[in-house]
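Please read the structure below before turning to the comments.
Here, each number is a calculation from the coordinates, and none is a lab measurement. Since we're looking at a predicted model, the values are computed, not measured. Glycine also receives a Cβ, built like all others from the backbone with ideal geometry; neighbour counts cover every protein chain displayed.
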């Protein structure tokens, strides 16, 4: 059986290989949480991302998703999955389903955070979703968004006395 430490190392290595850092995910957490917790620090965001990345469910989802993205880049998938993955078809949905395994670690707030992140695509997610390089990021953009959403949800759960309600006009 693979150890928790080996899974963690593999997860961090795959993220690094794809250009994703804890800082780039923490930047997203800061973007979505700072309106509610104005005194939130980047160190708190980083700590929360690292905590989410410690979870076996997160590690398994990231390893699975990145490996599928890499297989699509190598054209090693059978049709029609190869074409679906290469085009990142909007109705595929399996990438979001895998991401939800991470999002659900922190309840409904993680879920609503994820919906917002998936719609707005802040920070590194916009780059991952842009298809500007040779990488297939069908799963990766959703997984990074899920980690950020879960980390933001974790912060909200752990700091209820610091959360301010924001009134949205419109």
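Before moving on, here are some points about what is shown:
- At the listed q of 0.13, 0.19, 0.21, 0.25 Å⁻¹, the Debye profile of segment 24-113, built from one uniform point per Cα, gives log10 I(q)/I(0) equal to -0.56, -0.97, -1.07, -1.24.
- Mean separation of Cα contacts under 8 Å, 6 or more apart, over the residue count of the chain: relative contact order %: 33
- Rounded, prolate or oblate (a/c below 1.5 giving rounded, otherwise prolate when a/b exceeds b/c) for segment 85-131 by Cα gyration tensor: oblate
- Segment 1-46 and segment 52-106 have their alpha-carbon centroids 18 Å apart.
- Estimated 222 nm signal from helices in the chain, with DSSP H stretches of n ≥ 4 weighted -39500 (n - 2.57), rounded to 500: -20500 deg cm²/dmol
- FRET efficiency, residue 82 to residue 108 (Cβ-Cβ, R0 41 Å, nearest 0.05): 0.70
- Debye intensity ratio I(q)/I(0), log10, the chain, q values 0.08, 0.09, 0.15 Å⁻¹ (C-alpha model): -0.23, -0.30, -0.79
- Length available on full extension from residue 47 to residue 116: 0.36 nm per residue minus the Cα-Cα distance, which gives 22.7 nm.
- Cβ-Cβ FRET estimate between residue 130 and residue 34, R0 fixed at 30 Å, reported to 0.05: 0.80
- P(r) histogram, all alpha-carbon pairs of segment 1-70 included - 10 Å bins from 0, percent: 19, 47, 26, 8, 0
- Computed lengthening from residue 17 to residue 92, 0.36 nm per intervening residue step minus Cα-Cα distance: 24.5 nm
- Taking segment 1-92 and dividing mean pair separation by its residue count, relative contact order in percent (alpha carbons under 8 Å, at least six apart): 27
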